[in-house]
1. Just give me the residues in segment 239-269 being buried (at least 17 other Cβ atoms within 10 Å of the Cβ), out of contact with any Ser or Thr (no Cβ under 8 Å at 6 or more places or on another chain) and part of a helix (DSSP H, G or I), in sequence order.
2. Of all residues in segment 153-187, how many are within 21 Å of residue 132 (Cα to Cα), out of contact with any Asp or Glu (no Cβ under 6 Å at 6 or more places or on another chain) and of a type in the set (A, V, I, L, M, F, W, C)?
3. For segment 42-64: of the residues being charged (D, E, K, R) and crowded, with 16+ Cβ neighbours inside 10 Å, which is modelled with the lowest pLDDT?
4. With 67, 75, 109 as the choices, which residue is modelled with pLDDT under 75 and closer than 29 Å to residue 259 by Cα?
5. For residue 274, only one of the following conditions fails: (1) assigned to a helix (DSSP H, G or I); (2) under 30 Å from residue 149 (Cβ atoms); (3) of a type in the set (Lys, Arg). What is its number?
6. When you go through 208, 198 one by one, which is the residue that is under 30 Å from residue 273 (Cα atoms), of a type outside the set (S, T, N, Q) and touching an Asp or Glu at 6+ places or on another chain (Cβ under 9 Å)?
7. Select from segment 149-200 the residues that are surrounded by 13 or more Cβ atoms within 10 Å (Cβ to Cβ) and charged (D, E, K, R) and write down the one among them that is farthest from residue 254 (Cα to Cα).
8. So which of 234, 191 ends up being under 30 Å from residue 279 (Cα atoms) and modelled with pLDDT under 85?
Amino acid sequence: MNGLDTALALAPAANTTAWLRSSGLEIVLLLLGAMLFSRFATYIRDRVTRKIDAQFRSSDALVRSEAAKHRHALAQVVTWVVLTVAYVLVGMEVLGRLGFAVSGLVAPAAVLGAALGFGAQRIVQDILAGFFLITERQYGFGDVVSISVTGSAEQAEGTVEDVTLRITTLRNADGEVITVPNGQIVKVTNLSKDWARAAIDVPVAASADITRVNEILHEVGTRAYQDSKLQPLLLDEPSVMGVEDLTRDQMNIRMVARTLPGKQFEVGRELRVRVAAALRREGISETT
């Protein structure tokens, strides 16, 4: 009886050792393989994005091309999808090694999926919206956008830093990071797609000589386009549109300039300084 008791006592230990050498080792290898694959996929993504950034810095372009922005966003999305699928597959294999019948989980999973479906509607909506955002190239990495969000009176404005199928990450002018679920995006205003426009309204007294003011603004536009600092940012010479608004005391004369995408703010600030200085030299004061 002592020998039989000893054999029975050693049986669980032997079974555990055998399991660790077979299924246990396979689980460890699966998890290790998933970690290595994740590192590899992230390395490839970072290498692709660094190559895109290096081409941008070494070129004469001042802003990213639309194709470069789309490739940058696409690299991030593809990596996210591939890693998600890999984790799901590894999770199923681990469950199989732990003794769970994956085929037997189909029916419970269907019931659970139906129950969670009502709560996961927003996630599905985010992923579908993100898919169309990417495929339609509405914006990409580095774009300056203004996004209207459902349930928020304020728009999310900033530079796109990350795009996945579920969320869009922006950084605003104050350095704050804004995360917007793609399914809650109502309207997107892309301020840096193909080209942009800087519009400047110059308020002057209604009694001012409008012909002379127009001449001054034309001169400012011509000199700005010839300036070595501003000329690379401008697509053509700034033009004067004429009187935009007229009241009893003042009139607003609009000046516009087509710029490279994302450079309209810099050009607008510089043109305002030049316009103010030119009007002051001529003795024409801007009204407030």
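The values are calculated or read from the model by the stated rules, or taken from the named source; none is laboratory data. In this text the structure is predicted, and so the values were computed from the model without any measurement. Cβ atoms come from the backbone with ideal geometry, glycine included; neighbour counts cover every protein chain shown.
1. Matches in segment 239-269: 264, 268.
2. Let us first name the residues in segment 153-187 that are within 21 Å of residue 132 (Cα to Cα), namely 155-170, 178-187.
Checking which are out of contact with any Asp or Glu (no Cβ under 6 Å at 6 or more places or on another chain) leaves us with 155-159, 161-165, 167-168, 170, 178-180, 184-187.
Next, from what is left, pick out any that are of a type in the set (A, V, I, L, M, F, W, C): 156, 163, 165, 167, 170, 178, 180, 185-186.
Number satisfying all stated conditions: 9.
3. Going through segment 42-64, the residues charged (D, E, K, R) turn out to be 45-47, 50-51, 53, 57, 60, 64.
Then drop every residue that is not crowded, with 16+ Cβ neighbours inside 10 Å, which leaves 45, 64.
Values: 45: 80, 64: 60.
Here the answer is 64.
4. On the way: 75 fails: modelled with pLDDT under 75; 109 fails: closer than 29 Å to residue 259 by Cα.
Selected residue: 67, the only one of 67, 75, 109 that is modelled with pLDDT under 75 and closer than 29 Å to residue 259 by Cα.
5. All conditions pass for residue 274, except number (2).
6. Values: 208 fails: touching an Asp or Glu at 6+ places or on another chain (Cβ under 9 Å).
On inspection, the qualifying residue turns out to be 198.
7. Among those residues, the one meeting the criterion is 166.
8. Details: 234 fails: modelled with pLDDT under 85.
That would be 191, the only listed residue that is under 30 Å from residue 279 (Cα atoms) and modelled with pLDDT under 85.
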